[in-house]
1. So how many residues does segment 280-315 have that are touching a helix residue (DSSP H, G or I) at 6+ places or on another chain (Cβ under 9 Å) and closer than 23 Å to L260 by Cα?
2. Restricting attention to segment 90-104, does a residue exist that is closer than 27 Å to I173 by Cβ and surrounded by fewer than 20 Cβ atoms within 10 Å (Cβ to Cβ)?
3. Can you spot a residue in segment 336-355 that is surrounded by fewer than 24 Cβ atoms within 10 Å (Cβ to Cβ), over 29 Å from H35 (Cα atoms) and more than 18 Å from the chain's Cα centre (by Cα)?
4. Against the condition assigned to a helix (DSSP H, G or I), out of contact with any His (no Cβ under 8 Å at 6 or more places or on another chain) and surrounded by fewer than 17 Cβ atoms within 10 Å (Cβ to Cβ), how does A324 come out, does it pass?
5. For the condition closer than 23 Å to Y84 by Cα, surrounded by fewer than 15 Cβ atoms within 10 Å (Cβ to Cβ), in contact (Cβ under 8 Å) with a residue 24 or more places away in the chain and outside the structural domain of A91 (by TED's automatic domain parsing), what is the one hit in G153, G207, G222, G198?
6. From the list H125, H112, which residue is out of contact with any Cys (no Cβ under 6 Å at 6 or more places or on another chain) and either within 26 Å of D10 (Cβ to Cβ) or assigned to a loop (DSSP other than H, G, I, E, B) (or both)?
7. For R62, state whether it is buried (at least 20 other Cβ atoms within 10 Å of the Cβ) and of a type in the set (D, E, K, R).
8. Which one of these does L315 not meet: (1) crowded, with 24+ Cβ neighbours inside 10 Å; (2) over 18 Å from D31 (Cβ atoms); (3) not hydroxyl-bearing (S, T, Y)?
Amino acid sequence: MSKTVVLVIDGFGIGAMPDAGVLRPGDLAADTCGHVLDHGRTALGRPLRLPALGSLGLGLVRPHRGLARDTVLPVAVGRAALGYPGADTFAGHQTMMGADFSRVTVARLGEHLDEVASALEAAGHRVELPDGRQLLLVDGSALVHDNLEADPGINWNVSGRLTDLPFDRILAIARTVRTVAPVARVIAVGGHADGPLGAYVRDGDGGTVGLDTPASGFYRNGGLEVRHLGADLDHTRQLPELAARAGIPVTLVGKAADILVCGTAVRRPAVGTADVLAYTLESVRTPGAGLVVANVQETDLAGHQQDTERYGRILERADAGLAALIGLLDRPGDRLIVTGDHGNDPTIGHAHHTREYVPVLMYRPGTAGTELLPDAPTLADVSAMAARSLGLDTRALANGAVRTGARVGS
C-alpha cells in the first residue's frame with residue numbers, strides 16, 4: 001500500500017493574504033517564513049539550516065536568500081489561501097481535511113447575546129448580564145464570553161471554577177451555547193482560579209469582552225479541564241473518515257490527534273517536536289501504513305510567545321524530521337505534503353495568529369521534474385491532493401473537489 005503523509009507546520013505562513021489587514025492593518029506586513037529566516041540569520045550569525053524544505057521547493061513559493069530556488073526532488077509546489085474565516089488552528093485543520101466552513105462566521109458574543117440567552121433560559125438556566133457588559137453569567141457561576149486568546153470573534157468560551165460547579169455542568173452550558181453559535185468553536189473551560197472570575201474580565205480587541213484566562217490562574221493552578229465543541233461539520237466527508245471507510249489505515253499525530261475526527265484512527269497526541277517527528281516516522285515505518293496526518297505545534301507556540309529565535313530553531317528540527325521522512329517515502333505512489341494552517345508571525349507585535357497564505361509542497365517519488373501549481377483558494381486543496389494520491393474519489397469530500405479538480409494529485 002502506498003503511503004501519504006500530511007505534515008502541518010503549525011502557524012507557518014508565507015505572506016499576508018489581501019484581507020489580512022481588515023482586523024489589524026499592520027498584519028498586511030505579516031510574513032512568518034520570511035521574518036523568521038531574516039531573524040535567524042541575525043540571531044544565530046548564520047542562515048537557518050532548512051535543506052529539506054529547500055529541496056521540497058519552499059524557495060519557489062517564498063523566494064528568500066536563505067532558500068534554494070530550485071530542487072532536485074520530484075515535487076509539485078504552490079501556495080493556498082486559507083479558505084475559512086480568520087486564522088484558526090481548528091478551522092484550518094478541518095478545512096484542510098475537506099470540511100465546508102462556508103456557514104461558519106466570525107462574530108463577537110455581544111452580537112448574539114439575546115439569542116444565546118434565550119437558548120440557555122429555554123434549557124432551564126438562569127442568565128444575567130453582569131454589570132451590563134457584553135457577556136453572560138449563567139446560574140451565578142459560569143461565564144459565557146469571547147475568547148481573548150484568539151482573533152476576535154473566532155471562538156467563544158464557557159468558563160467556570162470547578163469549586164463552584166463540576167465540569168459536566170460547564171460542558172452542558174457550552175453544548176447549549178453551541179446549538180446557536182455561528183463561530184468555529186465553543187470551548188468549555190473548568191479550572192481553579194485565584195479569585196472570583198469577575199475579577200479577571202477585561203476588554204479585548206475588536207470590541208470583545210471576556211475572561212483573561214491566563215491571569216485567572218487556570219493555567220497555573222492545575223486540574224484544568226477543557227473541551228472543544230466544533231461547528232457542526234460532516235466528518236464523514238473529510239479525508240480521514242473517507243480513507244478509513246476505504247480500508248486505509250489512518251494515523252493522527254500531535255495536535256491532529258486532538259482535533260480531527262476518525263473513529264478508527266490510531267492517535268499519537270504530543271506537543272514536543274521530537275515526539276511528533278518520532279511518532280510520525282514510526283507510523284510511516286509501520287507495515288501497511290496508509291494516511292498519516294501530523295502537526296508540529298511548537299512553531300505556533302513560539303509565534304504566540306513572539307520568540308523568533310525559538311521559532312527558527314524548531315523549524316530546523318522539523319526540517320531534520322522532513323529529511324528523514326523523504327528517505328522513507330521512496331516508492332512510486334508515496335506522497336508527502338507539507339503545509340501550514342495559518343500564519344503566526346512572531347515579529348508582528350501581537351501574540352495572535354496572522355492571516356497568511358501557506359505553502360503546499362508535495363514530494364512525489366516516481367515522477368519527474370518540478371511542477372508549479374496555481375494558487376489554491378482554500379486549504380481544502382490539500383485533502384483533494386491527498387485523496388487522489390490514495391485513490392479516493394475527491395467528490396466525496398465536503399469541500400474542494402470541484403475547485404481543485406484540475407490540480408495535481410498523483
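1. Final tally of qualifying residues: 19.
2. Taking every residue of segment 90-104 in turn, at least one turns out to be closer than 27 Å to I173 by Cβ and surrounded by fewer than 20 Cβ atoms within 10 Å (Cβ to Cβ).
3. no
4. yes
5. Answer to the selection: G207.
6. H125 is the lone residue from the list that is out of contact with any Cys (no Cβ under 6 Å at 6 or more places or on another chain) and either within 26 Å of D10 (Cβ to Cβ) or assigned to a loop (DSSP other than H, G, I, E, B) (or both).
7. yes
8. Answer for L315: the failing condition is (2).
The values are calculated or read from the model by the stated rules, or taken from the named source; none is laboratory data. Since this is a predicted model, take the numbers as computed values, not measurements. Reconstructed Cβ throughout: ideal geometry from the backbone, glycine too, with neighbour counts over all protein chains shown.
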